[in-house]
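The values are calculated or read from the model by the stated rules, or taken from the named source; none is laboratory data. This structure is a prediction, so every number in the text was calculated from the model and none was measured. Cβ placement follows ideal geometry from the backbone for every residue including glycine, while neighbour counts extend to all protein chains displayed.
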Amino acid sequence: MRAQGKRYGIKRLVETIQVSENISRSMRNTPQKGTGPELKLRSALWKAGLRGYRVNVRNVVGKPDIFFRRARLAVFVHGCFWHGCPHCKRNLKPKTNSHYWETKIDQTRVRDAAVRSELEALNYRVLVFWECELTAARIDDAVALIGNELDRV
Ligand SMILES: [Zn+2]
């Protein structure tokens with residue numbers, strides 16, 4: 001597959017690339033599966049009594065981070081750097097290899113948009129949260145949004 005070949009090319013490029021301290025800090029802040037912002041959201045959902053979800057669901061398009069099957073609700077937690085958060089755009093702008101990173105982030109954004117429309121076409125509802133929206137001050141809003149969606153079932 002051509003797309004896959006491209007991805008491997010990028011992987012090799014990543015290995016050889018010099019990453020500035022600024023970027024490596026942003027990358028460390030990027031949620032890996034089951035860590036950081038995603039975990040915070042899950043624990044806030046749990047405390048709010050919003051349970052019955054599954055995590056990193058492989059057999060659903062885009063492998064949602066949090067998935068409520070009965071409500072057909074897919075929730076994604078996006079790392080601000082990798083997914084190109086519109087709120088953090090300026091803060092996270094790479095100083096070196098910016099063209100490389102911008103291309104990579106653009107590809108992620110295109111993929112995210114494709115996943116979203118595919119899920120919506122399959123009659124799923126989609127909620128996306130940026131990691132910067134899941135601070136202690138704001139996480140309740142995220143929980144309330146999810147709660148509203150579940151109430152609509
Ligand atoms: Zn952000």
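Annotations
- Pairing residues of the range 102-113 that are closer than 14 Å to Gly79 by Cα with residues that are of a type in the set (Val, Ile, Thr), at Cβ distances under 7 Å and at least 6 apart in sequence or on separate chains, gives Lys104/Ile10.
- Residue match in the range 51-58 (condition: modelled with pLDDT of 90 or more, exposed (fewer than 14 other Cβ atoms within 10 Å of the Cβ) and within 16 Å of the ligand (Cβ to nearest atom)): no
- Residue in the range 76-95 that is in contact (Cβ under 8 Å) with a residue 12 or more places away in the chain, within 16 Å of the ligand (Cβ to nearest atom) and aliphatic (A, V, I, L, M) present: yes
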